[in-house]
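The values are calculated or read from the model by the stated rules, or taken from the named source; none is laboratory data. All values reported here derive from a predicted model rather than from experimental measurement. Cβ sites come from the backbone with ideal geometry, for glycine too, and all protein chains shown count toward neighbours.
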Number of protein chains: 2
Amino acid sequence: MAQARFGGTDWIDLSTGINRVAFSLPSLPMQAWTALPTEAATARLLAAAGAAYGSQAPMLALPGVQAAIQMIPRLSAPARARILSPTYDEHAATLRAAGWQVDEVTALSALEDADLAVVVNPNNPDGRSYQREELLQLAARVGRLVVDESFADARPDLSLADKAGRERLIVLRSFGKFYGLAGVRLGFVLGSDSDIAALSEMAGPWPVSGPAIAIGEAALADRSWAEATVARLRAETPRLDALAQSKGWKLLGGTELFRLYDTPDAAAAREGLARHRIWTRMFACSNHWLRLGLPGPAAEWDRLAKALRD
Amino acid sequence: MAQARFGGTDWIDLSTGINRVAFSLPSLPMQAWTALPTEAATARLLAAAGAAYGSQAPMLALPGVQAAIQMIPRLSAPARARILSPTYDEHAATLRAAGWQVDEVTALSALEDADLAVVVNPNNPDGRSYQREELLQLAARVGRLVVDESFADARPDLSLADKAGRERLIVLRSFGKFYGLAGVRLGFVLGSDSDIAALSEMAGPWPVSGPAIAIGEAALADRSWAEATVARLRAETPRLDALAQSKGWKLLGGTELFRLYDTPDAAAAREGLARHRIWTRMFACSNHWLRLGLPGPAAEWDRLAKALRD
């Protein structure tokens, strides 16, 4: 869309929180493409995910966290859901489509007494984060707590993955964002035996592709790549914040994969970057918010710096 | 499982109907892996699928026909479904799980008056096939007709893909079987505007991986590969039937991708082939039925011939 309007083909897409320095693809056995995924391959993937996330909870691999978000509203009869907002729109959208009454609240305490509560931790787009203890207390006061940890790879201190397995707690983990491989379509749900069994029946056999299983296993097992990536991202977020500040934008928050800035006019700011073939993200809830993912290679940083000087 | 029991690693899996001579993978742009699939890429895939299937109907790409089978029971409130049987188990399983009363019937006419009727055409595992006119007449007499054309690539004369788009008719097309790429997870639902919109909402954004979209587009656009493959399969099915006949097995039916034989003792027959590291498929409904997919390269045919002589 932006491409059609501004022309050019070498766009830098900073409109998502997908890592722009992707995990290098392992060589894939031909069988990953030709055969139906086996239970053995899926078990190896889940073992690697369990080790990476520090969890022994029942777990289901799906074609992206989005696939889990589509199914969670069907785990129980529609009732009253509350979502800590603003956040990723699809939680509210899928719950409403399934007949839930959804209230979007802005304080963690306002989630109490909901039949289903959703917290994205750390949150997208503003990076707000909640401590494990707060969330565990909340879990005891709601019918079911869904913690979407799509952006938690760099923040294991926040993760409840190790507490998943108990009743009425669901933890979502994205693969594609941190590993920079969103096209692979892979994500995980961690939960109680009964919830994972129900979600598994909804998903049916072979929900995830053979290449996704093989790549996921290799990537999640490579802890040194993960550690180096966390270190790189932590070193680079201040650089992005400094560039934004030089433009007069104020940091509202963020994670290691994206930053949210308060700008005088988000539409104008986005358009200014688009003229340099850099695409960023605005939000319906504010005329001032602009979210930028971190650039990847040096040339991307250079173009962004130049665009922000213009 | 068979591997654990009989040992060896170079098994020939003839237990499925997946083509063992796969479409050669095109080179994949890195973006297919790294970025979320775009609407433009999905539109190109659907255009290629529409051309290959001879259909202009509304269409949705999913991670396999199985994903469609999971969702179809939710298109309307559970009522009475009838399935032309025996056939692929998952149709009955998903309908029952969603609360439908399911009757498995053995004659096409017995499907009439069902709120939802399922016909696999040509049928798995026995290859029974139904003419377009019969199915169109049936469509007028049931609440909704689902025609699963997972094995119809070699039989365009049977396909109702060109009639999809009208109300209350759903056509399913598999990608992985005929193209020998089941691990890719790709299939299509063709149907009315409202059914495809409802299924699309159930699936949510990005259900199919970037590589699946790119490979599917390339494969479905390569009509000469498809024609050559149909010709090869047609030439080879008599060869498989002759091998089976030499063993005293009687052909019960089949498609270009698999054959169903009547054997004196299916368990013994399967075990005999397993000793040669060839895996085949038995069915709960018969002690005599054994289904074999077609071998691929010459060495696979040689081993099967030797195994059947033993």
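A single member of B:L158, B:L135 is in contact with a Ser or Thr (Cβ under 9 Å, 6 or more places away or on another chain) and either assigned to a strand (DSSP E or B) or among the aliphatic types (A, V, I, L, M) (or both), and it is B:L158. Against the numbered list (1) closer than 30 Å to B:A51 by Cβ; (2) aromatic (F, W, Y); (3) assigned to a helix (DSSP H, G or I), B:W301 comes up short only at (1). Out of everything in segment B:82-122 that is in contact with a Gly (Cβ under 9 Å, 6 or more places away or on another chain) and crowded, with 21+ Cβ neighbours inside 10 Å, what residue ends up being nearest to B:E149 (Cα to Cα)? Among residues in segment B:82-122 that are in contact with a Gly (Cβ under 9 Å, 6 or more places away or on another chain) and crowded, with 21+ Cβ neighbours inside 10 Å, the one nearest to B:E149 (Cα to Cα) is B:P122. Scanning segment B:164-180 for residues that are more than 14 Å from chain A (Cβ to nearest Cβ), in contact (Cβ under 8 Å) with a residue 40 or more places away in the chain and outside any loop (DSSP other than H, G, I, E, B) gives B:A164, B:I170, B:V171, B:R173. Of the helices (runs of 4 or more DSSP H) lying entirely inside segment B:1-72, those containing at least 1 residues that are within 23 Å of the chain's Cα centre (by Cα) and at the interface with chain A (Cβ under 10 Å from one of its Cβ atoms) span B:65-71. All of (1) over 16 Å from the mean Cα position of the chain (by Cα); (2) away from chain B (no Cβ under 14 Å) hold for A:N123 with one exception: (1). Evaluation of B:A67 against the conditions (1) in contact (Cβ under 8 Å) with a residue 40 or more places away in the chain; (2) out of contact with any Pro (no Cβ under 8 Å at 6 or more places or on another chain) shows that the sole unmet condition is (2).
Considering (1) surrounded by fewer than 23 Cβ atoms within 10 Å (Cβ to Cβ); (2) within 18 Å of the chain's Cα centre (by Cα); (3) among the hydrophobic types (A, V, I, L, M, F, W, C), the lone condition that A:A218 does not fulfil carries the number (2).
Of the residues B:G254, B:G293, which single one is in contact with a Ser or Thr (Cβ under 6 Å, 6 or more places away or on another chain), closer than 17 Å to B:I18 by Cα and of a type in the set (G, A, S)? Spell out the reasoning first.
Details: B:G254 fails: in contact with a Ser or Thr (Cβ under 6 Å, 6 or more places away or on another chain).
Matching residue, one of B:G254, B:G293: B:G293.
Checking each residue in segment B:186-196 for being within 14 Å of chain A (Cβ to nearest Cβ) and either free of Cβ contacts under 8 Å to residues at least 40 places away in the same chain or assigned to a loop (DSSP other than H, G, I, E, B) (or both) picks out only B:L186. Of the set (1) in a helix (DSSP H, G or I); (2) surrounded by 24 or more Cβ atoms within 10 Å (Cβ to Cβ); (3) touching a residue at least 40 places away in the same chain (Cβ under 8 Å); (4) within 14 Å of chain A (Cβ to nearest Cβ), all apply to B:G183 but (3).
Conditions tested, residue by residue: (1) assigned to a helix (DSSP H, G or I); (2) touching a Leu at 6+ places or on another chain (Cβ under 6 Å); (3) modelled with pLDDT of 95 or more; (4) more than 14 Å from chain A (Cβ to nearest Cβ).
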site: B:L199; (1), (2), (3), (4): yes, yes, yes, no
site: B:W206; (1), (2), (3), (4): no, yes, yes, no
site: B:S224; (1), (2), (3), (4): yes, no, yes, yes
site: B:R239; (1), (2), (3), (4): yes, no, yes, yes
site: B:L243; (1), (2), (3), (4): yes, yes, yes, yes
site: B:A268; (1), (2), (3), (4): yes, no, yes, yes
